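Written out below as structure tokens is the structure these notes cover.
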Amino acid sequence: MKVFYIFLFSILFTSNTFSQNFLTKKGGNCYTMEIPSYLTRTYDLNDVATLQYNNTLKEAYVIVIEDSKDEMTSLGMVFLDSKEFLENFVKEYQIDAEKRTISEITKFESNQNQHAQLEMTWSSEDGDFYMLITSAETKEHFYKILCWTTAENKDKLKNDFLAIAKSIKE
């Protein structure tokens, strides 16, 4: 019986190793997101991201890039919805990567915002990677939410990435 409890404990411990508490973090000047407590703020993942978190030990990375609808309209860039915005972004993103695959786009609503989401995998000289890419449309912005990790950590981090992506509030 003792062996059974040890076995059960080890399963529970390893399956929840990456799941943590989520904390509300401010991004940019006008939005918040729920970020797992194992991620720490960083500033060197992307020059234009208004929110950046990572954990290099867990190979977990999150950035958010916001685009003002007014600024995009002034440049002649008008998108019908979050799906069209996402399609425009991913058509050239990681286009030269080896074994680049993109899933079908799914649409959903969260926090009264429209979202479009897909999964991308690719290979490079540094290894195999997985990324969850989500676009969120609010009244005044489109947001690109990029969450990525190594392919081997995909199953451990995917639920956290999904929670992060749907948590944006303006």
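The values are calculated or read from the model by the stated rules, or taken from the named source; none is laboratory data. It should be emphasised that the depicted structure is a prediction, and the values quoted were computed from it without experimental measurement. Cβ placement follows ideal geometry from the backbone for every residue including glycine, while neighbour counts extend to all protein chains displayed.
So T24 passes all but one of these: (1) under 21 Å from E170 (Cα atoms); (2) among the polar types (S, T, N, Q); (3) modelled with pLDDT of 95 or more. Which condition number does it fail?
In the conditions (1) under 21 Å from E170 (Cα atoms); (2) among the polar types (S, T, N, Q); (3) modelled with pLDDT of 95 or more, T24 misses (3) alone.
Being over 12 Å from the mean Cα position of the chain (by Cα), assigned to a strand (DSSP E or B) and within 17 Å of E137 (Cα to Cα) is the filter here, so list the residues in the stretch 30-58 that pass it.
Of everything in the stretch 30-58, those that are over 12 Å from the mean Cα position of the chain (by Cα), assigned to a strand (DSSP E or B) and within 17 Å of E137 (Cα to Cα) turn out to be Y31, T32.
Yes or no: the stretch 152-169 includes at least one residue that is in contact with a Gly (Cβ under 9 Å, 6 or more places away or on another chain), within 25 Å of T24 (Cβ to Cβ), at pLDDT 95 or above and not in a strand (DSSP E or B).
Among the residues of the stretch 152-169, at least one is in contact with a Gly (Cβ under 9 Å, 6 or more places away or on another chain), within 25 Å of T24 (Cβ to Cβ), at pLDDT 95 or above and not in a strand (DSSP E or B), which makes the answer yes.
Given the conditions (1) of a type in the set (G, A, S); (2) touching an Asp or Glu at 6+ places or on another chain (Cβ under 7 Å); (3) surrounded by fewer than 19 Cβ atoms within 10 Å (Cβ to Cβ), report the number of the one that S167 does not fulfil.
S167 satisfies all of (1) of a type in the set (G, A, S); (2) touching an Asp or Glu at 6+ places or on another chain (Cβ under 7 Å); (3) surrounded by fewer than 19 Cβ atoms within 10 Å (Cβ to Cβ) except (3).
Residue-wise test of (1) over 20 Å from Y31 (Cβ atoms); (2) aromatic (F, W, Y); (3) at pLDDT 95 or above; (4) part of a loop (DSSP other than H, G, I, E, B).
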residue	(1), (2), (3), (4)
T73	no, no, no, no
G76	yes, no, no, yes
L80	yes, no, no, yes
E87	yes, no, yes, no
D96	yes, no, no, yes
E104	yes, no, yes, yes
A116	no, no, yes, no
T121	yes, no, yes, no
Y130	yes, yes, yes, no
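List every residue pair whose Cβ atoms sit under 6 Å apart, with the two residues 6 or more apart in sequence or on different chains, where the first one lies in the stretch 152-170 and is farther than 19 Å from S135 by Cα and without any contact (Cβ under 8 Å) to a residue 40 or more places away in the chain and the second, anywhere, is among the hydroxyl-bearing types (S, T, Y) and crowded, with 16+ Cβ neighbours inside 10 Å.
Final answer for the pair search is K154/Y130.
Of all residues in the stretch 28-75 being touching a Lys or Arg at 6+ places or on another chain (Cβ under 8 Å) and free of Cβ contacts under 8 Å to residues at least 24 places away in the same chain, which is surrounded by the most Cβ atoms within 10 Å (Cβ to Cβ)?
The qualifying residue surrounded by the most Cβ atoms within 10 Å (Cβ to Cβ) is Q52.
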